[in-house]
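Worksheet: one structure, shown below.
The values are calculated or read from the model by the stated rules, or taken from the named source; none is laboratory data. Because the structure is a prediction, the values reported are computed rather than measured. Here the Cβ positions follow ideal geometry from the backbone for every residue, glycine too, while neighbour counts run over all protein chains shown. All accessible areas refer to the heavy atoms of the entire protein, side chains included, with ligands and DNA or RNA removed. Shrake-Rupley method; radii C 1.70, N 1.55, O 1.52, S 1.80 Å.
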Amino acid sequence: MKNYWQKAVNFDEYLRVTEERIAKLQGTENEEEKMYLEHYQLGMTRMNRVAKTYHPQNDLLKKLEEKNFKGKFLIISEGWCGDASMIVPVVNQFFEGKNEVKIIFRDENHDLMNQFLTNGSMSIPIVIILDENDEVISHWGPRPEEGHQMLLKHKADPENYNADQFHNDLQIYYTKNKGVDIISELLNKL
């Protein structure tokens, strides 16, 4: 894990790389690249909004203090991911000044991602909880339990609960929940 940690970047660098990728895709005529461009742009909009509006809840900060956790967090992510755009800024801001948080890009690190598959897929973000010696304590992701239940509902009945409705409901949930479930579930893993 130490090598992955050294390759990882902080949140500001993650945003910078995402902006570079957006700039590189501007004006593309390739349909797949156009799709990625849209996802990157939406991801940046969401990440910037969450970074500006998220405020750690006092009861969760107290719970973190009580746990006396000395480790750090390595997040496997990509700027185009809808879940990541809502989760990465929350995790970064909640632990800022208390525990170090770094992000590593999934698409450049399949060997790491393959160690943390979700039902055989490379779903992100995955938050890897490390101790002071870079040993894995646990991991969490790719979304809170309530979001996972929405996904299961969509997969069970895609005709009556289609992908657009699922994605819309998921974003509404993230916005209304204000990061509480993300942080609560992570704290329960410490």
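Where the eigenvalues come from the Cα gyration tensor of the stretch 99-190, what are the semi-axes √(5λ) of the equivalent ellipsoid, largest first, in whole Å? It would help to have the intermediate numbers written out before the result.
Values: eigenvalues 140, 57, 24 Å².
Largest first, the stretch 99-190 gives 26, 17, 11 Å.
Counting Lys +1, Arg +1, Asp -1, Glu -1, what net charge surrounds Met47 among other residues with beta carbon under 14 Å of its beta carbon? Display every interim value, and only then the final one.
Details: positive: Arg16, Arg21, Arg46, Arg49, Lys52; negative: Asp12, Glu13, Glu19, Glu78, Asp83.
Charge balance near Met47 sits at 0.
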Completion exercise
Here the stretch 123-135 yields Karplus 3J(HN,Hα) values (6.51, -1.76, 1.60; θ = phi - 60°; whole Hz; Gly and Pro given as x) of 6, 9, x, 10, 9, 9, 9, 10, 7, 5, 9, 6, 8
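If you take every DSSP beta bridge whose two residues both sit in the stretch 63-148, what share of them, in percent to the nearest 5, is antiparallel?
Numbers: 10 of 15 bridges.
That works out to approximately 65 percent antiparallel.
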Fill in the blank from the handout: Length-normalised contact order of the chain, Cα under 8 Å, at least 6 apart, in percent, tallies to 24 percent
Completion exercise
Here the gain from full extension of His148 to Trp5, 0.36 nm per residue of separation minus their alpha-carbon distance, amounts to 48.7 nm
Handout entry: the stretch 1-73 - Debye-derived log10 I(q)/I(0), Cα point model, q = 0.11, 0.26 Å⁻¹
Key = -0.47, -1.11
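How much of the accessible area of the chain, probe 1.4 Å, is carbon plus sulfur, in whole percent? Write down the numbers at each step before the final one.
Values: 4660 of 10180 Å².
Its accessible area is 46 percent carbon and sulfur atoms.
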Fill in the blank from the handout: Using a 1.4 Å probe on heavy atoms of the protein chains only, the accessible area for Thr53 in Å², nearest 10, reads 90 Å²
Problem - Surface accessible to a 1.4 Å probe, per residue, for the residues of the stretch 75-190, Å² - result: 46 Å²
Handout entry: Share, in percent, of DSSP beta bridges within the chain that are antiparallel, nearest 5
Key = 70 percent
Exercise for the section: Consider all pairwise Cα distances in the chain and report the whole-number % of them above 23 Å. Expected result: 43 percent
Handout entry: √(5λ) per eigenvalue of the Cα gyration tensor, the stretch 144-187, largest first, Å
Key = 22, 11, 5
